[in-house]
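Reviewing the structure listed below.
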Amino acid sequence: MGKLLLERLLTLVLKLFGMAVILFVVTQILPADPAAVAAGTDARPEQIEKIRKDLGLDRPFHERFVTYITGLLRGDLGKSLLTRRAVADDLKLRFPATLELAILSGFVIVICGVSLGIISAVHAGKPADYLIRAAVVVGMGIPPFVLALFLQLIFAKWLDLFPLEGRLHTLMAPPPFRTGLYTIDSLLAGQWDIFWSCLRHLALPVAALSLGRLAVGARFTRSGMLETLGQPFVRTARAKGLRENRVILRHAFRNALIPVVTMLGIQIGFLLSGAVLVEVVFTWPGLGRYAVDSVLSFDFYAVIGAALVIAVIFVLSNTVVDLLYAQLDPRIKHK
Amino acid sequence: MKTFLKIFAVICALLLMLAPASADVTWTGAFVLGSCCEPNSLDPAAMGISQTEGYVINAMYEGLTQYSREGEIVPRLATGWEISADALTYTLSLRDGVMFHDGSTLDAEDVKVSLDRHKELGLGNLGFILAPVDTVSVMDDMTVRIQLITADFQFWAGLPHIKILSADAIAANEMDGDMAGEFFRENAVGTGPYQLARWDPGRQTEMTAFADYWRGWEGPHIESFIARYGLDFSTRLLLMEDGEVHLIDWAGLSDIRRAETTDAINYNLGNPLQGFYHFMRQDGPLADKNVRQALMHAYPYEAMIEVMQGVALPLSSPALSGTIGHCAVFEPAQDMDKARELLAASDYADGFSLRQAYRHANEPRRFAAVLFQEALAELGIEVQLDDIPWGTFIDAQRNFDTAYDMSSHWLNIPIPYAGEMLFRLNHSSLIDTGTGNWAWYNNPEFDALLEEAPTLAPGDPRIDELLCQAQQILIDDAVVIPVMLSQYIDLTHASVRGYQYDPYGFPGDLHPYDIWLEN
């Protein structure tokens, strides 16, 4: 496992370097002028030239490339062309917002999706199964941003149960920064009112993000379970007189987990890379929105920074999935 | 009895202490602006054209002068001024007893340091205003003298937008000769009525009332001003209906209809210093004046106003009305017969094709492009429309081979001076810069008028005369088509009092000091 981890980390470094090089070259050869965008639509030529110089965009391509790559090797992602803040600082603020949303959504997907899948498989062909399957079809069919609008309308506007948007009440200050996850930071600071406000603000975006993916999780779990429940080793377990719960959870479910884990790995990757539309609808200042805003404003150091973070997330989540395979199926570990 | 008298006296004393405070100030809570866009920086010397950026910065900083609601230059931190006859020397007396948010008191040194800093940094859309300044001298504690290299009316017209910062704060936060640029990007130390409480990037900026503000706090005021960012339109409206947002800037046409269906929302219209113009590059078929004039007659002016559902006004000049030097030289009316006649008199009577760029950042731009395309199709002119982002457009416009034949733009001007706008529209020095003169117009006579006008002293009647001639030339040469002034729409919650749109507050000024909320 250690070898696998080391191998993955080395590939990660190479992949990131390759991505950074490609993204840098692509952003530099685009037919656009980032200095003009940074200066604003009504800037005069002398202001644009000054900004170009300040940002180092007047230097030859090879010089900019060397400066950027050497900076990257030191962990410096460059500065945003628009805000002039370090991209790493921006990402430090934005990524935790997405992480908080993704972690909670992940929990909902795993717990509810897997449970519904097991129930559906165990009660295959019965009303509970039909009900869950129908719900799964509906859940998979509704795009998260549409669901988000419905949730806002019903639970925020009509029933007034949850806040319409945002991470925190407008009149509340964020908790002191430790992890950037407001729920954790408010708990660490003992600010219960903020903690409660954060949880309430998380409810609708988490629901919007997780319901569709939860449906996918339920479907994968159901099909995996149905296949496993028909296997001889399950019949043997039952014949040995084991309790049904034990047969289902310890024997059948464990063996049905590999496709489920694959699916979850991909889903978590997507959640962490920022569900842009949900972030937009709920005014969630996360990574996805940051990436989109950066692209629209030709803020290319920010674009590269966000893309690298998303790449790291995908590679890491795939690595975790591979490691879990080995844990779940000793034959894979052996290979 | 003595004890009773003592208690009575203490109660009276307490009431006396409390009475003035409760009688003078009425805090009416937090005022929330629901905006789409976040400021890139809080530094007044780097101000762009984002209206929200203006709202936030102008709440915390003040200039030496300001524009009244009628567009007159009136005192702010300066109480009076003298302008030399040659318009090269400006001497300003400063207001006494003005305090910065860091506790320091305003004096001539603060003004000198702020102006020098702004000129040196030269960033943002106001970077050009102090370009003609030679020296800023401290005459005494409360008097400052500004000497210009050459007389430039734009300096005086733009001075209200130049904000005064605390010299102490600049000195204390300077790093590697950056004139505290890093510090002021995320902090604010001005003299404005509201001081920065917190900026949570990506979320909101909160400003609270500055207790020692020089105008005092008599009467009803908002206690804090919160600018929220990243809100999309539907969310902003839902929040406003619930009273969680009090002002929505740059609302759309459909929002007027929405506002009309509820008592919770009012809509306001304003006439910003911003016009919509169509440019024709002097090349190919458009090098022929007859063709350009034909296109001017073919433009669907009335249809555009109709598309804007009445929330737009026709333009009578390449300069905006309400600006110094504006004069009506143009009557917008579509006349297809006249257009055909002019086209027949040109060398391109059989039709031709053109490329037009537009930026699809909002619906009117697309409407304008499509309507004009349809009108020209009737004349046998085929128009290829390209919807491209700003950065790409600028890049294309710099090169004669890639520049578009036609393009349409909203033009903002920071100062109510027609010369600034005319310069940006068509001065030959901006050819191939991409940032203006998209018509690639080169007329030395026109240039000379624009160069002479700002050298005259403020108030000189020749300014109007010269600029009027310049506007007439542009129309006669059919270089630019003045399409319309799209009115500014904002929405306010029914509880908002004292708010009035200010077209002169560049890039936006809410005047939060004047606002209060009624429960």
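In this structure, is A:T83 among the polar types (S, T, N, Q) and within 30 Å of A:A208 (Cβ to Cβ)? Lay out the reasoning, then the answer.
Numbers: among the polar types (S, T, N, Q): yes; within 30 Å of A:A208 (Cβ to Cβ): yes.
Yes, satisfied.
Say whether the condition of being basic (K, R), in contact with a helix residue (DSSP H, G or I) (Cβ under 8 Å, 6 or more places away or on another chain) and at pLDDT below 90 is met by at least one residue in region B:454-475.
No; the residues of region B:454-475 include none that is basic (K, R), in contact with a helix residue (DSSP H, G or I) (Cβ under 8 Å, 6 or more places away or on another chain) and at pLDDT below 90.
Can A:M140 be described as open to solvent by 40 Å² or more (accessible area, probe 1.4 Å) and part of a loop (DSSP other than H, G, I, E, B)? Answer is no for this residue. Out of curiosity, is B:A457 over 26 Å from A:T41 (Cα atoms), in contact (Cβ under 8 Å) with a residue 12 or more places away in the chain and either open to solvent by less than 20 Å² (accessible area, probe 1.4 Å) or part of a loop (DSSP other than H, G, I, E, B) (or both)? Yes, satisfied. Here the condition is being open to solvent by less than 30 Å² (accessible area, probe 1.4 Å), modelled with pLDDT of 90 or more and assigned to a helix (DSSP H, G or I); of A:P163, A:P96, it holds for A:P96 alone. For region A:293-309, filtered to residues that are within 11 Å of chain B (Cβ to nearest Cβ) and assigned to a helix (DSSP H, G or I), the residue that is least open to solvent (accessible area, probe 1.4 Å) is A:F300. Condition check for A:F253 on (1) in contact with a Leu (Cβ under 7 Å, 6 or more places away or on another chain); (2) open to solvent by 30 Å² or more (accessible area, probe 1.4 Å): one failure, at (1).
Scanning region B:223-240 for residues that are more than 8 Å from every other protein chain (Cβ to nearest Cβ), open to solvent by 30 Å² or more (accessible area, probe 1.4 Å) and modelled with pLDDT under 90 turns up just one, B:F233.
Yes/no per residue for (1) open to solvent by less than 30 Å² (accessible area, probe 1.4 Å); (2) of a type outside the set (D, E); (3) within 14 Å of chain A (Cβ to nearest Cβ):
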{"position": "B:E38", "(1), (2), (3)": "no, no, yes"}
{"position": "B:A45", "(1), (2), (3)": "yes, yes, yes"}
{"position": "B:G54", "(1), (2), (3)": "yes, yes, yes"}
{"position": "B:G71", "(1), (2), (3)": "yes, yes, no"}
{"position": "B:Y90", "(1), (2), (3)": "yes, yes, no"}
{"position": "B:L94", "(1), (2), (3)": "yes, yes, no"}
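Taking into account only those residues within region B:374-394 that are among the hydrophobic types (A, V, I, L, M, F, W, C) and closer than 22 Å to B:H297 by Cβ, which is surrounded by the most Cβ atoms within 10 Å (Cβ to Cβ)? Across region B:374-394, the extreme among qualifying residues is B:L376. Selection within region B:347-373: residues that are touching a helix residue (DSSP H, G or I) at 6+ places or on another chain (Cβ under 9 Å) and among the charged types (D, E, K, R). The member of this set that is surrounded by the most Cβ atoms within 10 Å (Cβ to Cβ) is B:R359.
Taking the listed residues B:L247, B:L253, B:L295, the one that is at pLDDT 90 or above and within 28 Å of the chain's Cα centre (by Cα) is B:L247, with no other qualifying. Would you mind stating whether A:V206 is over 24 Å from B:Y229 (Cα atoms), surrounded by 17 or more Cβ atoms within 10 Å (Cβ to Cβ) and either of a type in the set (K, R) or more than 14 Å from every other protein chain (Cβ to nearest Cβ) (or both)? When the stated conditions are applied, A:V206 does not pass them. Applying the criterion of being within 14 Å of another protein chain (Cβ to nearest Cβ) and not in a helix (DSSP H, G or I) to the residues of region A:40-77, the residue that is farthest from B:I415 (Cα to Cα) is A:L57. The requirement of being facing chain B (nearest Cβ under 10 Å), of a type in the set (S, T, Y) and more than 22 Å from A:L214 (Cα to Cα) is fulfilled somewhere in region A:278-289, by at least one residue. Listed by first and then second residue, the pairs with beta-carbon distance under 6 Å, at least 6 apart or on different chains, first residue in region B:423-440 and facing chain A (nearest Cβ under 9 Å) and within 18 Å of B:Y358 (Cα to Cα), second not in a helix (DSSP H, G or I) and not small (G, A, S), are B:G434/B:R398. Note on region A:116-135: residues that are open to solvent by 50 Å² or more (accessible area, probe 1.4 Å) and under 24 Å from A:F270 (Cα atoms) total 3.
Just to be sure, is B:G284 at pLDDT 90 or above, within 30 Å of B:N187 (Cβ to Cβ) and more than 14 Å from every other protein chain (Cβ to nearest Cβ)? So B:G284 fails the test. When A:V260 is tested against (1) buried (at least 23 other Cβ atoms within 10 Å of the Cβ); (2) within 14 Å of chain B (Cβ to nearest Cβ); (3) touching a Phe, Trp or Tyr at 6+ places or on another chain (Cβ under 8 Å), exactly one condition is not met: (2).
Would a scan of region B:184-203 turn up a residue that is within 12 Å of chain A (Cβ to nearest Cβ) and polar (S, T, N, Q)?
No, there is no match, as no residue in region B:184-203 is within 12 Å of chain A (Cβ to nearest Cβ) and polar (S, T, N, Q).
In the set (1) open to solvent by 30 Å² or more (accessible area, probe 1.4 Å); (2) of a type in the set (A, V, I, L, M); (3) not in a helix (DSSP H, G or I), the condition left unmet by B:A448 is number (3).
Would you check if A:V312 is open to solvent by less than 10 Å² (accessible area, probe 1.4 Å), assigned to a helix (DSSP H, G or I) and touching a residue at least 60 places away in the same chain (Cβ under 8 Å)? When the stated conditions are applied, A:V312 does not pass them. Restricting attention to region B:207-224, and to residues there that are over 14 Å from B:H101 (Cβ atoms) and not small (G, A, S), which single residue is farthest from the chain's Cα centre (by Cα)? Residue satisfying both the conditions and the ranking: B:E218.
Does region B:475-486 contain any residue that is over 18 Å from B:V56 (Cα atoms) and free of Cβ contacts under 8 Å to residues at least 60 places away in the same chain?
yes
State yes or no: is B:Q154 among the polar types (S, T, N, Q), within 13 Å of chain A (Cβ to nearest Cβ), under 23 Å from the mean Cα position of the chain (by Cα) and under 21 Å from A:I51 (Cβ atoms)? Judged against the criteria, B:Q154 is a match.
The values are calculated or read from the model by the stated rules, or taken from the named source; none is laboratory data. Not measured: the values here are computed from a predicted model. For neighbour counting, all protein chains shown are included, and Cβ atoms are generated from backbone atoms with ideal geometry for every residue, glycine included. Please note that ligands, DNA and RNA were not included when accessible areas were found on the heavy atoms of the full protein model with its side chains. Shrake-Rupley method; radii C 1.70, N 1.55, O 1.52, S 1.80 Å.
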